[in-house]
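I have placed the structure first, in the form of structure tokens, so that the comments after it can refer back to it.
Derivation of every value follows stated rules applied to the coordinates shown; laboratory data play no part. Predicted, not measured: the structure shown is a model, and the values here were computed from it. All Cβ positions, glycine included, derive from the backbone under ideal geometry; neighbour counts span all protein chains shown.
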Amino acid sequence: MTTSTASQTKTHSGHDNQGAAMMSEPMHSDVSLKDGATLTFQTRFGAIELREDRLLEFPQGLFGFRECTQFGLAKLPSVDDSPLMLLQCVNQPSIAFLVADPAQLGVEIGASDISEALTETRMPQAETQFLSILTLYDQGESYYLTANVKAPVLINSASRTGQQFIFSNKSYSTQHKL
């Protein structure tokens, strides 16, 4: 599996794929401060704005990206009613993840698994949002998306903190095809 949309790599089948989970190329290089309270990022999807007072802290970073500790969450620009969002890293602006609420993608997470995640992360259910990191695969003439349901990102909206969690339930996949 690849997580880079910026460069093409080979899958195990030998086909080129282009992952949308993590984007790392100078597509976010144009970061500017607007009105002293808003950060603007130029992404491959268009410009996004993140309010400084709404940024999220990930003290442990994300798996494979421990240095990425500050993020903003934004809707995709110029796309109405899409469940897809960008989780934009602020302290490493070249890194962003395409994410979505698994329920909005038709993926069900069991109540006992949600309870396990909330207990272990010490996040309150009413204030916690689960997001799956998505990957876009390019198979030449066709594309498909997968969702990492095994290791969702949990965001506590009240404390504006986040943490990635790995479910112990083996039925979840890191490449759930959508």
Cβ density ranking, 10 Å radius, fewest first, applied to C68, C89 yields C68, C89
Where the only charges are on Cβ atoms (+1 Lys, Arg; -1 Asp, Glu), what is the dipole of segment 121-178 about its Cα centre, to the nearest 20 debye?
280
Tell me the chymotrypsin sites (Phe, Trp or Tyr not before Pro) within segment 56-121 that lie in a loop according to DSSP and have at most 16 other beta-carbon atoms within 10 Å.
F63
When K150, K75, K170 are ordered from fewest to most other Cβ atoms inside 10 Å of their Cβ, what list results?
K170, K75, K150
Take V90, V153, V99 and order them by how many other Cβ atoms sit within 10 Å, fewest up front.
V90, V153, V99
Contour minus Cα-Cα distance for Y143 and T161 (0.36 nm per residue):
3.2 nm
Under 8 Å for C-alpha pairs, at least 6 residues apart: give me the relative contact order for segment 60-122, rounded to a whole percent.
21
Long-range HN-HN contacts of N91 with modeled amide H, under 5 Å:
T69, Q70
Listed by chain and number, the residues whose amide H is under 5 Å from that of Q139, excluding neighbours fewer than 5 places away on the same chain and using placed H, are Y144
